[in-house]
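Accompanying notes for the structure given below.
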Amino acid sequence: QVQLVESGGGLVQPGGSLRLSCAASRFSFSSYAMSWYRRAPGKEREFVASITSTSGITTYAGSVRDRFSISRDNVKNTVYLQMNSLKPEDTAVYYCKAVGLPGWGQGTQVTVSS
C-alpha cells in the first residue's frame, strides 16, 4: 500500500516562503508522476501542481503559477513544493499523491497569516 508522509508546513506571514516535502514508499516512486493538492477550510480538495516521473515536466494551477515550484528526487523518493510569495488564500492542508495510485498522506497544514 502506498505510503506518503508530508512535512514542512507551518505558520508564515504573507509574502513568506515554505518548502513542503513528501516522502514516498511502498511503490516504485520513479515510475509515477507525483502531484500536490490542497484543501482549504470549507472547500473541496484542489489540484496545485504535478511533475512527471523522469522528464520532470511540471504543471501548475493558475492560482499558484509563478509562485510555487514542484520538484522531485528519485533517489530520495521525495517530492517537494517550494512556495514563495505566500498569500492568506494559500492557507490549507497540503497533500501529495502518486498519480494513478490510490491513497493519500495525512497532509501538512500551511497557515498564511499576519
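Bear in mind these aren't lab numbers, they're just calculated from the coordinates by the rules spelled out. Note that this is a predicted model, so its numbers are computed, not measured.
Partners of Lys87 within straight-line reach, counting lysines whose Cα lies under 17 Å from its Cα and excluding those fewer than 8 residues away in the same chain: Lys43. Quick one: pull the percentage of alpha-carbon pairs in the chain with a separation above 21 Å. Above the 21 Å cut-off, the chain has 29 percent of its Cα pairs. Averaging the Cα positions of each part gives two centres, and for the stretch 100-114 and the stretch 1-79 these lie 9 Å apart. Shape index of the stretch 47-94: Rg/Rh, with Rg the Cα radius of gyration and Rh the Kirkwood radius from the inverse mean 1/r over Cα pairs, equals 0.98.
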